[in-house]
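Step one of this worksheet: look at the structure below.
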Amino acid sequence: MNKRPVFRTALCDMLGVEYPVMLAGMGTAGGYTLTAAVSNAGGLGMLGATFLWPDELRSWIRKTRELTDKPFGVDILLPAAIPKDFDLGKIKEYIPPEHTAFIQKMARDFGVEGARMKEWPISEEFGRSQFQVVKEEKVPFFALGLGTPDWLIPEAHEAGIKIVSLCGNVRNSVKLKKMGADIIIAQGHDAGGHTGRIGTFALVPQVVDAVDPTPVVAAGGIADGRGLVAALALGAIGAWCGTAFLATHECFVDFVELGMLNRATIDAYYRKLIDSDEEAEQITRIYSGKTTRAFKNKLDEAWEKSGLKTLPMPLQSMLMADLVQGMMEKGETEYFPMFAGQVTGLIKKVRSTQEVMDDIIGGAVKILGEKFPAGLTIKA
Ligand SMILES: Cc1cc2nc3c(=O)[nH]c(=O)nc-3n(C[C@H](O)[C@H](O)[C@H](O)COP(=O)(O)O)c2cc1C
């Protein structure tokens with residue numbers, strides 16, 4: 001017998017799901033296990049495929065389907081933001097020698113010189129090859145952070161795929177509406193991972209007004225029923241949640257098989273999520289060259305002391321990649337990037353994905369079904 005409460009918005013019909021909650025795309029955290037778990041819990045799982053090569057992506061899509069018969073999507077970062085004047089063949093030559101020297105010294109000091117991170121060729125060609133797999137595997141939703149390239153939406157629509165595009169300001173939301181994005185994620189400053197300058201409460205209603213009637217989903221700082229109800233009050237039709245699902249048993253685990261995480265890193269991540277308050281993170285450019293919210297750590301401190309300027313995307317991530325991999329392999333978790341949003345103060349323990357979803361939906365039902373009718377007085 002299904003005892004799950006009913007809590008639906010227009011987003012549920014658009015996505016074919018029970019609850020208006022989307023798992024945020026998280027390229028280092030949301031593998032097939034978490035994606036399927038969110039879909040099974042009634043939301044829309046999103047496979048964080050940023051770092052997946054086409055054959056890996058195909059395999060992870062199929063593994064997701066082994067774990068759920070519910071809808072899910074795929075999320076990547078497409079390089080709309082990469083400066084056009086880079087010759088990608090010679091890309092490493094753009095990294096200044098003083099930057100390389102600093103990183104090499106750190107690698108020497110920590111004894112992690114031989115480490116090599118999984119290659120991630122940030123290029124339009126790579127993004128196209130990922131999209132091709134999404135098409136072939138008939139995944140119904142494709143999400144993009146950091147920009148949506150012009151060619152994508154017509155091709156996606158022809159294949160019957162809905163495009164979910166992230167933005168951090170009104171200007172970009174209007175651009176996405178004109179391009180024909182099906183769902184716009186208004187992602188506020190509070191968010192973990194790459195993030196913009198405008199707070200969620202200010203951003204969402206302004207995007208809702210600017211792109212009407214395109215549906216808007218709110219992101220950044222939503223981790224329980226209160227956040228979901230607030231998102232709906234701001235005019236969004238649902239929530240895109242990342243940090244809320246980080247402290248779950250299903251999160252991170254699949255990235256171990258790619259060599260991108262190990263047990264020590266995952267346990268350290270959980271500890272940080274549980275122990276941290278809302279001030280534990282900071283905005284930094286050291287991981288990708290773009291503003292990213294991550295836990296403060298010693299790698300940031302070391303970079304700051306160096307006095308070096310961060311490089312534009314994709315140079316900064318290429319510069320850092322092998323050092324970060326080495327720190328992960330050696331268990332130097334204070335020198336390893338851990339993206340997380342400002343809601344970490346709400347996270348008290350590692351739970352199952354189902355428990356997190358129950359908390360979000362149960363909390364929202366309580367507010368709207370019990371608290372408001374009891375305590376609210378309105379005179380028109
Ligand atoms: C660990 C982590 C990894 C992320 N990786 C990606 C990514 O690969 N692609 C993407 O579009 N957004 C990425 N994001 C941003 C999320 O999609 C989302 O917008 C954000 O988590 C929402 O804010 P919240 O963390 O407060 O819920 C990431 C966020 C986190 C916390």
Percent of all Cα-Cα pairs per 10 Å bin for the range 87-190, counting from 0 up to the last occupied bin, reads 12, 31, 24, 22, 11, 0
Which of the lysines could a cross-linker span from Lys135 if the Cα-Cα distance has to be under 27 Å and same-chain partners fewer than 8 positions apart are dropped? Lys63, Lys70, Lys84, Lys118, Lys162, Lys175, Lys177, Lys178
Just to confirm the filter: which GluC sites (Glu not before Pro) across the range 99-152 are DSSP coil and have at most 10 other Cβ within 10 angstrom of their Cβ? Glu119
Just to confirm the number: angle between the C-alpha axis of helix 200-211 and the first principal axis of the chain, 0 to 90 degrees, nearest 10? 70 degrees
Rounded, prolate or oblate (a/c below 1.5 giving rounded, otherwise prolate when a/b exceeds b/c) for the range 85-132 by Cα gyration tensor: oblate
Longest principal axis of the chain (C-alpha) makes with the long axis of helix 54-67 (C-alpha) an angle, in degrees to the nearest 10, of 40 degrees
For n ≥ 4 DSSP H runs only, could you compute -39500 (n - 2.57) per run for the chain, divide by its residues and tell me the 222 nm figure to the nearest 500? -12000 deg cm²/dmol
Considering only the other residues whose Cβ falls under 14 Å of the Cβ of Asn262, what net charge follows from Lys and Arg at +1 and Asp and Glu at -1? -2
D_trans [Stokes-Einstein, Kirkwood Rh over alpha-carbon pairs] for the chain, 25 °C, 0.890 mPa s, µm² s⁻¹: 116 µm²/s
Highest first, please rank the peptides 13-19, 220-226 by the mean number of other Cβ atoms sitting within 10 Å of their residues. 220-226, 13-19
Out of Thr100, Thr248, Thr292, any idea which swings most in a Gaussian network model of the chain, alpha carbons joined below 10 Å? Thr100
What does the C-alpha gyration tensor say about the overall shape of the range 259-300? Classify as rounded when a/c is under 1.5, otherwise prolate if a/b is larger than b/c, or oblate. oblate
How many lysine pairs are close in the range 309-380, with Cα atoms under 29 Å apart and the two 8 or more places apart or on different chains? 9
Mean separation of Cα contacts under 8 Å (at least 6 apart) over the residue count of the range 120-235, i.e. the relative contact order in percent, is 19 percent
Taking Cα atoms of the range 264-380, Rg/Rh with Kirkwood Rh, to two decimals? 1.16
Phi to ³J(HN,Hα) by Karplus 6.51 cos²θ - 1.76 cosθ + 1.60 over the range 133-149, Hz, x for Gly, Pro: 5, 4, 5, 4, 8, 6, 7, x, 10, 10, 10, 9, x, 6, x, 10, x
Test of the criteria: in the range 256-326, which GluC sites (Glu not before Pro) are in a DSSP loop and have at most 15 other Cβ atoms within 10 angstrom of their Cβ? Glu257, Glu278, Glu279
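Each value in this text was obtained by applying a stated rule to the coordinates, not by laboratory testing. The structure displayed is predicted, hence computed values, not measured ones. Backbone-built Cβ (ideal geometry, glycine too); neighbour counts: all protein chains shown.
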